Amino acid sequence: MKNYHLINNGKAMSTLDSFKVFNPSTSELIAEAPKATLDELNTIIQSARDTFPQWSSLAYSERQNYINKIADVLEQNSEEIATIITKEQGKPIGATLGSMFEIGGAVAWTRYTATLEMPVKILQDDENGRVELHRRPLGVVASITPWNWPVLIAIWHIIPALLSGNTVVCKPSPYTPLSTLRMIELMNSVLPKGVINSVTGGDELGAALSNHSDINKIVFTGSTATGKKVMSSAADTLKHLTLELGGNDAGIVLPDCDPEAIAPGLFWGAFINNGQTCAAMKRLYVHRSIYDQVCESLTNFAKNIKVGDGFEEGAELGPVQNKMQFDIVNRLVTQSVEQGGKVLLGGPLDNPKDLFFPITLVAIEDNQNPLVQNEQFGPALPIIPYDTVEEAIAMANDNDAGLGGSVWSTDKAKASSVAARMECGSVWINKHGAVQPNSPFGGTKSSGLGVEFGEEGLLANTNIQCILS
């Protein structure tokens, strides 16, 4: 069994205590992860603080070169990291959207971010004076990541923070800490010591990061409830925040669609990573004129998707990552049926023996059904009919979440007009959840604050300083 360590100031750091990490497919113990104390956390934060002046003073082009070196080392070790992801998270290693896909995305995101520039802006230069707008790094950025995409989301947090001149302390989820620990270990093989550091342990570490006086920004991806706690804890020290929180994305299918043609896109929009994705489609609204055909086409497509262990040949989807989330999915599907939902495929399960939840499609008339109004974050999709586009938009917006949405139509102009009225940060047309590094990504309403990706995401890791002469 491999030993995992924290990384502090470029070196492996052992802890007296540890916690167990299990394979969700088999329930087998994979490894024990280091469990840091608050004193050890303080030591790690101090290392990042001490390194900040040196790192931030490097030329921007030098930091770009270091970011490209990170991409190289991740690419060179992609199979090893992907194997760890599959063991601890469950997603199939060779699936179209599995753990090798995650590593490929992490490498591509890193390389793209390295191309971004942060030039000085000249706001005025005339006989009355010159005004320059500079972007300055914040200091130490704390990254708190979830268990669904343990490497990719960490990259989303870490890379723009480093490129803009900050140092970073990363705390991964205790459910999936191993791939992130290994990734940061590899990063330290090409970076100056102290630039990127890791810490693992319980929720008390997240709380400590949130209110720590030497942390200048928190980047958090996770539930809305936890995001509110992070925001509250950060208030005393007036930290910068980027919060990407829960989503309950709606898809709207207009009546001109070909049900069979859109079924694959609808399926993967909803069931990428077994539905365990913030920007997966969680609710599907279909015009009543094609409702039955869409339900049938989606069901037929879903029946051919193999669910299994992440190392099993042909498996496209794996287990729900943990028992707590499994129970949430099962409970919501059970409640949906009790309140009038009709199961087209799949659950609920009466006596589950493992964490494999069947691909589940539920036909639902009532927009207030629990499976519609609550984020399931798992392999269950409610399908709701509508009669008018106005009704569909109203139902889609009748939710506290506002992360993503999608519109499906052969008429892109019509789809765009519907998209403009959806209350969410990103809207895709004829696809769902296709995040990309040049498109700023963030939520409205209860789905978060701020954006990641692209120039806007990079600048979110900086302060503005104006020099007037």
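The values are calculated or read from the model by the stated rules, or taken from the named source; none is laboratory data. These numbers come from a predicted model, not from an experiment. Every residue, glycine among them, receives a Cβ derived from its backbone with ideal geometry; neighbour counts consider all protein chains shown. Heavy atoms of the whole protein, side chains included, go into the accessibility calculation; ligands, DNA and RNA do not. Shrake-Rupley method; radii C 1.70, N 1.55, O 1.52, S 1.80 Å.
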For this session: Over the chain, give the accessible area per residue in Å² for a 1.4 Å probe, as an integer.
Result: 39
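At a 1.4 Å probe, what is the % contribution of carbon and sulfur to the accessible area of the stretch 389-441?
Here it works out to 47 percent.
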Problem set entry | Rough spin-label spacing in nm, given labels placed 7 Å along Cα→Cβ, for Arg421 and Leu16 | 6.3
For this session: Positive end of the charge dipole of the stretch 369-430 (Lys, Arg +1 and Asp, Glu -1 on Cβ, about the Cα centre): tell me which of Gly378, Ser409, Cys424 has its Cα farthest that way.
Result: Ser409
Exercise. Share of antiparallel DSSP beta bridges in the stretch 315-469, in percent to the nearest 5?
Worked result: 45
Seminar exercise, completed: per DSSP, antiparallel bridges as share of beta bridges in the chain, % nearest 5, sits at 45
Exercise. Can you give the charge dipole size of the stretch 248-404 about its Cα centre, rounded to the nearest 20 debye, using +1 on the beta carbon of Lys and Arg and -1 on the beta carbon of Asp and Glu?
Worked result: 380
Exercise. Say R0 is 51 Å: what FRET efficiency, to the nearest 0.05, do Glu204 and Glu296 get from their beta-carbon distance?
Worked result: 0.55
For this session: For Met100, tell me the accessible area in Å² from a 1.4 Å probe, rounded to the nearest 10.
Result: 80
Exercise. What accessible area, in Å² to the nearest ten, does a 1.4 Å probe give for Asp17?
Worked result: 80
For this session: Leaving ligands, DNA and RNA out of it, work out the accessible area of Glu390 with a 1.4 Å probe and give it in Å² to the nearest 10.
Result: 100
Exercise. Listed here are the pairs Lys282/Lys323; Lys20/Lys303; Lys11/Lys323; Lys87/Lys282; Lys91/Lys412; Lys87/Lys342; which of them are more than 31 Å apart at the Cα?
Worked result: Lys20/Lys303; Lys11/Lys323; Lys91/Lys412; Lys87/Lys342
Seminar exercise, completed: Scoring only Lys, Arg, Asp and Glu (+1, +1, -1, -1) among other residues with Cβ under 12 Å from the Cβ of Gln376 yields 0
Exercise. What residues have an amide H closer than 5 Å to that of Met281, excluding those fewer than 5 places away on the same chain, when H is modeled at 1.01 Å from N in the peptide plane?
Worked result: Ala270
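Determine the calculated [θ] at 222 nm for the chain from helices alone, applying -39500 (n - 2.57) to every DSSP H run no shorter than 4 residues and normalising by the residue count; nearest 500 deg cm²/dmol.
Helix contribution divided over all residues of the chain: -11500 deg cm²/dmol.
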Exercise. In the neighborhood of His432, defined by Cβ-to-Cβ distances under 12 Å, what is the net charge if each Lys or Arg adds +1 and each Asp or Glu adds -1?
Worked result: +2
Problem set entry | Cβ-defined net charge surrounding His134, 14 Å radius [Lys, Arg +1; Asp, Glu -1] | +2
For this session: Could you go through the stretch 12-23 in sequence order and give the Karplus-derived ³J(HN,Hα) for each residue, using 6.51 cos²θ - 1.76 cosθ + 1.60 with θ = phi - 60°, rounded to whole Hz, and x for Gly and Pro?
Result: 5, 10, 8, 10, 6, 10, 8, 9, 8, 10, 10, 7
Exercise. Between Ser179, Ala154, Leu38, whose Cα lies farthest towards the positive end of the dipole of the chain when Lys and Arg beta carbons carry +1 and Asp and Glu beta carbons carry -1, centred on the Cα centre?
Worked result: Leu38
Seminar exercise, completed: Taking protein heavy atoms only, a 1.4 Å probe, and rounding to whole percent, the accessible area of the stretch 229-358 owed to carbon and sulfur comes out at 51
